[in-house]
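Trainee: Here's a structure for you.
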């Protein structure tokens with residue numbers, strides 16, 4: 001396997017949503033660690049996790065947070081590993097604030113940003129798999145196989161409606 005994925009979330013209450021990323025990674029056979037880290041409440045814990053990640057074999061970081069959502073940005077500032085930000089809803093703005101905080105990074109400190117919520121968490125898992133597949137033909141074939149299965153499911157649904 002080409003590497004591991006570190007999944008961070010701003011609060012334990014985000015675990016159900018971020019489980020979507022973990023489930024996708026499990027489906028591909030990609031090892032991961034999922035834990036809570038906060039850019040605001042525990043910035044030093046977050047910095048330590050991120051600074052140690054590369055030496056521990058992590059190759060991609062997925063960071064999910066709501067409201068001000070600075071988690072992915074802090075991770076990107078502390079590491080050169082690819083960072084995928086998952087904006088989470090939960091505030092009065094239903095995740096739009098998290099989306100803007102995650103996607104609007106300054107030049108030179110990129111965060112790949114996916115959709116708000118569970119679908120975004122799942123897409124973060126798929127994107128991490130695609131990134132890791134660059135150095136693993138076996139994983140790349142698993143990603144292609146997943147896409148083929150999606151097409152087959154769509155074709156089957158279309159047949160049922162006809």
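Trainee: Calculate how large, on average over all directions, the projected area of the Cα convex hull of the chain is; give the answer in nm² to one decimal.
Mentor: Over all viewing directions, the chain projects a mean Cα-hull area of 10.4 nm².
Trainee: Moving on. By how many degrees, 0 to 90 and rounded to 10, does the Cα axis of helix 15-28 deviate from the longest principal axis of the chain?
Mentor: Long axis of 15-28 versus the principal axis of the chain: about 50 degrees.
Trainee: Where does each of 19, 147 land when they are ranked from fewest to most other beta-carbon atoms within 10 angstrom?
Mentor: So the ranking, lowest neighbour count to highest, is 147, 19.
Trainee: Let me ask something else. Evaluate segment 95-150: find the radius of gyration of its Cα atoms, find its Kirkwood radius, and give the ratio Rg to Rh.
Mentor: Ratio value, two decimals: 1.08.
Trainee: What does the convex hull of the Cα atoms come to per residue for segment 25-82, in Å³?
Mentor: Residue-normalised Cα hull volume stands at 83 Å³.
Trainee: Specify the angular offset, from 0 to 90 degrees and rounded to the nearest 10, of the alpha carbon long axis of helix 137-161 from the longest principal axis of the alpha carbons in the chain.
Mentor: 60
Trainee: Can you order the peptides 68-78, 152-162 by their average number of other Cβ atoms within 10 Å per residue, highest first?
Mentor: My ranking of the peptides, most packed first, is 68-78, 152-162.
Trainee: In degrees between 0 and 90, to the nearest 10, how far off the longest principal axis of the chain does helix 43-53 point, with axes built from Cα atoms?
Mentor: 50
Trainee: Sticking with this structure for a sec: In nm, give the distance between the simple-model label positions of residue 26 and residue 134, each being 7 Å from the Cα along the Cα-to-Cβ direction.
Mentor: Distance between label points: 2.8 nm.
Bear in mind that the values in this text are calculations on the coordinates, not laboratory data. It should be emphasised that the depicted structure is a prediction, and the values quoted were computed from it without experimental measurement. Using ideal geometry, Cβ is built from the backbone for each residue, glycine included, and neighbour counts are taken over all protein chains shown.
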